[in-house]
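Novice: Pasting a structure below so you can have a look.
The values are calculated or read from the model by the stated rules, or taken from the named source; none is laboratory data. Being a predicted model, the structure only gives us computed values, none of them experimental. All Cβ positions, glycine included, derive from the backbone under ideal geometry; neighbour counts span all protein chains shown.
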Amino acid sequence: MGPTADGFETYGVTGVALITFIMIALKVIQNCRFLISLDFCHAVMMIVTSIGSYFINDLLIARPKFGNAIKFNYEIPLTTLVIITR
């Protein structure tokens with residue numbers, strides 16, 4: 001659960017802090033609504049990108065390369081997943 005918790009901590013808390021700073025800086029709720037909605041859209045797109053890169057890695061890279069392997073380095077599929085996601 002380490003990487004998942006770290007991802008939530010990094011992006012989730014950063015998003016909340018960004019919303020707080022936007023509201024403090026602008027002091028006008030009408031202007032904040034658009035910026036806050038952009039922040040939530042960014043979070044949704046991160047989730048969509050992560051899911052998409054997982055399936056791309058699984059179907060096109062990891063399964064064809066290591067599908068029938070008895071022993072392999074588990075770091076290689078994880079590394080390719082990180083590269084695709086970024």
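Novice: Residues in region 46-84 that are among the polar types (S, T, N, Q) and in contact (Cβ under 8 Å) with a residue 12 or more places away in the chain: how many? Let's see the steps before the verdict.
Specialist: First, pick out the residues of region 46-84 that are among the polar types (S, T, N, Q): 49-50, 53, 57, 68, 73, 79-80.
Applying the additional criterion that residues be in contact (Cβ under 8 Å) with a residue 12 or more places away in the chain yields 49-50, 53, 57, 80.
The number of residues fulfilling the criteria is 5.
Novice: Report those helices (runs of 4 or more DSSP H) wholly inside region 1-81 carrying at least 3 residues which are modelled with pLDDT of 85 or more and surrounded by 10 or more Cβ atoms within 10 Å (Cβ to Cβ). Talk me through it step by step, then tell me what you get.
Specialist: Details: elements: 2-7, 13-26, 29-56, 63-66.
In region 1-81, 29-56, 63-66 are the helices (runs of 4 or more DSSP H) which contain 3 or more residues that are modelled with pLDDT of 85 or more and surrounded by 10 or more Cβ atoms within 10 Å (Cβ to Cβ).
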